[in-house]
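These notes concern the structure reproduced below.
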Amino acid sequence: MTFLDEIRQIEKKWQKKWQKDQIFVGKIDHSRPKWFVTLPYPYAQGPFHLGHARTYNLGDVFTRFKRQRGNNVLWPMAFHITGTPVLSVSWKIKNKDESEWQKYRDYVSIYEDDKEKIEETVATFGEPENVATYFANKIINDFLRMGFSIDETKQFTTGDLEYNKFIEWQYGILNEKNLITKGNYPILWCINDKNAVGEDDIKDGDESKVEVNEFVGIKFALDNGVFLVAATLRPETIFGATNVWIHPEANYEEIKMDNERWIVSEEATMKLMEQDHKIAVLRKLKGKELVNQEVIVPITRLKIPIYPAAFVDTDHATGVVYSVPAHAPYDYAALVDLQRDEETINDYNLNRDRLEDIKPISLITVKGYGVFPAVELCEKLGVKSQNDKEKLEKATQTIYKDEFYSGIMKENTGEFKGLKVEKAKDVIADKLRENNLAAEIYETSREAFCRCGAQIIVAVLQEQYFLNYGDEKWKETAFKALNSMNIIPEKYRLTFKNTFDWLDKRPCVRKRGLGTEFPLTKGEGWIIESLSDSVIYMAFYTVIQIIRENQIKPEQLKPELFDFVFLNKGSIENVMESTAISEDSIKEMKGSFEYWYPNDFRHTAITHISNHLSFTIFHHVAIFPEKYWVKAFSLNENLLNNGEAMSKSKGNVIPIAHIPEKYSVDLTRLHLASVATADSVLDWRESEVNYAQLRLKRFWEYATSVTNVEKKEIELSFPSKILESSVNSNLKKSLDAMENYNVRDYILNAFFTNLRAIDDYVKLSEHIPKEETDTVLRNIIEKMMLVMSPVIPHLCEELHERMKNEQYISLTEIPDITVSEEDKAYALQAKYLTNLQEDIEQVIKLVKSTPKKIHIYINAEWKNKLYDLAQRIFKDEAVNIGKIMTEAKQVSDLSNHMKDVSDIAKLMMKDPSIFRIEMISSSQQQRAVEEYKEFLNRTFKGAEIIIHTEDQKVSYDPQNKARKSRPMKPALLLE
RNA sequence: GCGGGGAUUGCCGAGUGGUCAAAGGCGCUGGACUUAGGAUCCAGUCUUUAGUAGUUCGGGAGUUCGACUCUCCCUCCCCGCACCA
């Protein structure tokens, strides 16, 4: 049986035991500090993969660690089903969308081999609940299979009736506190379904995002007072308008628009009707009817003509465009075309002189361009006509960007001169609107179609409900909460800050999707938006089980109950009376909430900072008193598979369900947690996983070789002592790293560094009695095991059991570790010896011959004194020879070595790092080398090791090496 | 554009004022084991050299006794920018 097979069996064995004994179920215990941890509940739309595993794995390591450090832990889990994606999946499955079917066949085949069974299962996905239920079950199984120490007895979904009641309560409070406001809001809208659409409702919506663009519809007055409304994204260019373009052959309509008369394209009328206007069509007309008429330009009051142009798209905004040939490439090209187009001029009977007179009007100065940027760019790109779409598109983009960010308004723009375009744009639009010369017109950023085939336009919803995150008081309190929270890693606090600053009104209800009906507009079909219903639910974990066990019905879950349980408002008598829930149940709920809350630690991926996690803070401060605000957020970056993002199209997704067999649970856990810090992108590379596997195997071999060794006190040799000391100090570093939630350093120190120490020990322990090495190894493994059990719990449980322990290691406390002075001294000696060995090796390499004798000269103690002195007086300043000589003269041990002192001082000045070191005395150095002598002798192929000390009389020193010895760096002579 | 993050030795990636020529891994080279090995183990891996010295951490300037680490400027890369979970 291979190593992996062996540990896979062990993993299953312990998962079964944990499950059977329900050891991770959170139970109230007032004798221990509680620690309530949450990770965002998954949205069950498909299988979870290695990327999710990274996040939950880190959560589990933290949780297990806390549990093993004496905390009473609760880590519950639930599922999110609110929103539209699941609906969209079901719709496609029901409508036999082949690519969706295939996608879900692939998903189900992760868990199921039987082809028929797969088809049957996918067929059930026509019902949204079935999708959610199926994947929720799979995900929780995957998690348990990863050994995550979750309490799965407190599960619920956001579609549960009990949960709906809880959310209704939440929104009641938000409403009471005036944090919900109403207003108009533009959204993407299917004209067939008469409904809002999300990304997954739009054809190719995931590949090319559709956005809402806000145009300024500028009203150009005709002689009869009717407005020809031209839409633009660049209202500031109104000063450069030379004429208006319309499509001569297209259909336009004169409409009664609120209290005005407008002319816009037929298509525009239809769109405007959905944008909160009162509209009646007065008459239909062809574009050409308008040609040659004149309109008045707002602000400038110039009269300009209307000309025909084929490039005008009547299905884009109003289908009317005003021409700014100086700054708009399309306009310039169309103007040039028209001026040379005899046929059109004749057809529409255009006034030739008037047309010839039209010259671009420049109104913006922009660095890198002359007076007429559009003219310039058209010439540069070789635009031939207005049909040169590709080049014109490019020119338009370029000029838009350059002028927007670095353009300045010219003299001829009156009060706006000198303004940056970026600013002028808004100021001018505002001014136009104030004077009733412009109106907002919304358009999609690209032509888009619903999956039903109908066109998607922008509609303006009236009386839309918003969460008013812009509310000053609310924001202020949220900041207060943020400031008192622990954000891990700390660097992400800034992202929260920026998010808070930027947060403003946010629509919180939708017309579509699963979820909780909005309580303020019952019966109107408004559903609470999915990110807004998942922000305080951690509180719900503390009561759901009690609700279920006592068979409390959803309708009994009235606001007054939650007020009492969560906010300690009202009286139990009143609650009992209005809800008919027993006193015991209410007390139990309240007790449970008050015991577990607040949420001490919430871990997730960084993508949630700018939405979910920020909202969580906002809603907590709105609903709960300060003592119940979330204590800490912990975050991790995402994951790549061999340098690439995992995606269905690349076929490189590793589902969690494949992990146990493809790798092994503990191997995956170890590698995920140790290969990258939480705040860096983790690149999962097979060759590196392989390394982790070899190390894990090595650990397993060391460990299993000593599980039967008896514990006893024995006299330890020098290498054994060094090993114990270094393992001890590594474990200490490891625990310290976890204080800062640095899991990577935790594992590096506790596992990888210690394994190397053991490797080194084994190499030099050939002549140490097996009884001693076994005992030492067992002691060390036992300690490592405990510290490592949050990371590789299965293997550690097994070893723990083989070492005849009754209790689960998962429930065994990791003790504090202290590093004694003795440990430190051993560590320094070990370092000293390593350096010595390296020095010898280096010299051997250089001389390219095998030495028969190795003379080691250990420095005199006065040199240590000199180093100490230098460290003291040159702590924060440059080495000064005069100063050190003066000081040294005062010290008796040094004053008789002044010649040498001056030589060393020169060295120190050149390289101050030589004395800024931790040292051991020369006698300690000597002892260390003595202890190591035999090992050195063996390592260097039987070379005789001769130790000399500078303090005593050096018997043999032909090259006068002893003088060169320095603290921690003995001089060498190889012969 | 705004906001954030980043640029380290062949590659990936630690390191945030001094034991740093810079952890660890990958790759490569040599050795061991072996019928074989794309397995495993051991060692080496900037240049130079009796353990020394020199040149490095995107480019440029500065602060400091001392900078990969701090400040400023520049170049390039990645991520977020709202109703989407």
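For a test of the definition: using alpha carbon positions, the gyration tensor, and the 1.5 limit on a/c, classify the stretch A:309-358 as rounded, prolate or oblate. Before the final figure, lay out the partial values.
Values: a/c = 2.21, a/b = 1.44, b/c = 1.54.
Cα axes put the stretch A:309-358 in the oblate bin.
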Query raised in the report: Rounded, prolate or oblate: which fits the stretch A:604-703, taking a ≥ b ≥ c as square roots of the Cα gyration tensor eigenvalues, rounded meaning a/c under 1.5, else prolate when a/b beats b/c?
Result: prolate
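If contacts are Cα pairs under 8 angstrom and at least 6 residues apart, what is the relative contact order of the stretch A:491-549 in percent?
Values: 35 pairs, mean separation 14.5, N = 59.
Answer for the stretch A:491-549 is 25 percent.
What is the dipole size for chain A, taken about its Cα centre, with +1 at each Lys and Arg Cβ and -1 at each Asp and Glu Cβ, in debye to the nearest 20?
Working: 130 positive and 150 negative charges, 577 e Å.
The dipole magnitude comes to about 2780 debye.
State the Kirkwood hydrodynamic radius of the stretch A:332-397 in Å, one decimal place, computed from all pairs of distinct Cα atoms.
Working: mean 1/r = 0.0759 Å⁻¹.
For the stretch A:332-397, inverting the mean 1/r across all distinct Cα pairs yields 13.2 Å.
Can you give the relative contact order of chain A as a percent, counting alpha carbon pairs under 8 Å and 6+ residues apart? Show your work: numbers first, answer last.
Details: 1617 pairs, mean separation 127.5, N = 975.
Over chain A, the number comes to 13 percent.
Which value results when the Cα radius of gyration for the stretch A:82-194 is divided by 2.2 N^0.38 Å?
On the way: Rg = 18.8 Å, N = 113, 2.2 N^0.38 = 13.3 Å.
Against the empirical 2.2 N^0.38 Å value, I get 1.42 for the stretch A:82-194.
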Query raised in the report: Using just the C-alpha positions of the stretch A:421-562 as equal point scatterers, what log10 of I(q)/I(0) does the Debye formula give at each q in 0.12 1/Å?
Result: -0.90
Requested in this report: Enumerate the whole-percent occupancy of each 10 Å bin, from 0 to the last occupied one, for all C-alpha pair distances of the stretch A:830-887.
Outcome: 17, 32, 24, 22, 5
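By its C-alpha gyration tensor, with a ≥ b ≥ c as the square roots of the eigenvalues, how is the stretch A:895-936 shaped: rounded for a/c under 1.5, else prolate for a/b larger than b/c, else oblate?
Prolate is the answer for the stretch A:895-936, as a/c is 1.5 or above and a/b outweighs b/c.
Compute the signed sum of charges (Lys and Arg +1, Asp and Glu -1) over the other residues within less than 12 Å, Cβ to Cβ, of A:GLY651.
Numbers: positive: A:LYS648, A:LYS650; negative: A:ASP106, A:GLU644.
Computed value for this residue: 0.
Loop only per DSSP, at most 16 neighbouring Cβ atoms within 10 Å: give me the GluC sites (Glu not before Pro) in the stretch A:370-455, ordered by residue number. Mind showing how you got there, number by number?
Details: sites: A:GLU376, A:GLU379, A:GLU390, A:GLU393, A:GLU403, A:GLU411, A:GLU415, A:GLU422, A:GLU434, A:GLU440, A:GLU443, A:GLU447; in loops: A:GLU447.
Here the GluC sites (Glu not before Pro) that fit, given the DSSP loop and packing criteria, are A:GLU447.
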Query raised in the report: What whole number of Å gives the distance from the Cα centroid of the stretch A:470-531 to the Cα centroid of the stretch A:921-963?
Result: 70
**Report entry** Computed over the stretch A:447-524: relative contact order in percent, which uses C-alpha pairs under 8 Å that are six or more apart
**Finding:** 37
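Convex hull volume of the Cα atoms in chain A, per residue, in Å³? Walk me through the numbers before you get to the answer.
Numbers: hull volume 254.2 nm³, N = 975.
Value for chain A: 261 Å³ per residue.
Could you line up A:ARG916, A:ARG506, A:ARG778 from fewest to most neighbouring Cβ atoms inside 10 Å? Intermediate values should be presented prior to the final figure.
Working: A:ARG916 13, A:ARG506 18, A:ARG778 21.
Fewest-to-most ranking of A:ARG916, A:ARG506, A:ARG778: A:ARG916, A:ARG506, A:ARG778.
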Query raised in the report: With axes computed from alpha carbons, what is the tilt in degrees of helix A:922-939 against the longest principal axis of chain A, rounded to the nearest 10 within 0 to 90?
Result: 90
Report summary line: Taking Cα atoms, the helix A:128-145 axis meets the longest principal axis of chain A at an angle in degrees (rounded to 10) of 10
Query raised in the report: In which sequence would A:HIS658, A:HIS80 go, from the one with the fewest C-beta neighbours within 10 Å to the one with the most?
Result: A:HIS658, A:HIS80
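The stretch A:234-313: which trypsin sites (Lys or Arg not before Pro) are DSSP loop and have at most 15 other beta-carbon atoms within 10 angstrom?
Details: sites: A:LYS256, A:ARG261, A:LYS271, A:LYS278, A:ARG283, A:LYS284, A:LYS286, A:LYS288, A:ARG301, A:LYS303; in loops: A:LYS278, A:ARG301.
Answer in residue order: A:LYS278, A:ARG301.
May I ask you to derive the FRET efficiency for A:GLN842 and A:GLN9 from their Cβ-Cβ distance with R0 = 30 Å, giving the value to the nearest 0.05? If you can, show how the numbers build up before the last one.
Working: r = 47 Å, r/R0 = 1.58.
So the FRET efficiency works out to roughly 0.05.
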Report summary line: the stretch A:558-578 scanned against label point 7 Å out from A:GLU594 along Cα→C-beta; backbone N under 18 Å for A:560-576
Report summary line: Quick P(r) readout (the stretch A:514-631; Cα-Cα; 5 Å bins; whole %) gives 2, 10, 18, 20, 19, 17, 9, 3, 1, 0
Query raised in the report: After finding the eigenvalues of the alpha carbon gyration tensor for the stretch A:785-880, what semi-axes result from the square roots of 5 times each, listed largest first in whole Å?
Result: 44, 25, 13
Query raised in the report: Any idea what angle helix A:493-502 forms with the longest principal axis of chain A, computed on alpha-carbon atoms, 0 to 90 degrees, nearest 10?
Result: 10
Query - Ellipticity estimate at 222 nm from DSSP helix runs (n ≥ 4, -39,500 (n - 2.57)) divided over chain A, nearest 500 - result: -14000 deg cm²/dmol
Requested in this report: Report, by chain and number, residues whose modeled amide H sits under 5 Å from the one on A:PHE311, excluding near sequence neighbours (fewer than 5 apart, same chain).
Outcome: none
Query raised in the report: Taking amide H positions as placed 1.01 Å from N in the peptide plane, with prolines and chain starts having none, which residues 5 or more places from A:VAL73, or on another chain, fall under 5 Å of its amide H?
Result: A:TRP35
Query raised in the report: Could you state the principal axis extents of the C-alpha atoms in the stretch A:723-797, from the largest down, to the nearest angstrom?
Result: 41, 23, 14
Query raised in the report: With a 10 Å Cβ neighbour count serving as the proxy for reagent exposure, in which order, fewest first, do A:ASP679, A:ASP113 appear?
Result: A:ASP113, A:ASP679
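Are there any GluC sites (Glu not before Pro) in the stretch A:842-893 that are in a DSSP loop and have at most 15 other Cβ atoms within 10 Å? List them by number. The partial results should precede the final answer.
Numbers: sites: A:GLU861, A:GLU877, A:GLU887; in loops: A:GLU877.
Those that pass, being in a loop and sparsely packed, are A:GLU877.
Laboratory data are not the source of any read-out in this text; all were calculated from the coordinates shown. Quantities reported herein were computed from a predicted structural model and do not represent experimental measurements. A quick note on method: Cβ atoms are made from the backbone with ideal geometry, for glycine too, and the neighbour counts reach across all protein chains shown.
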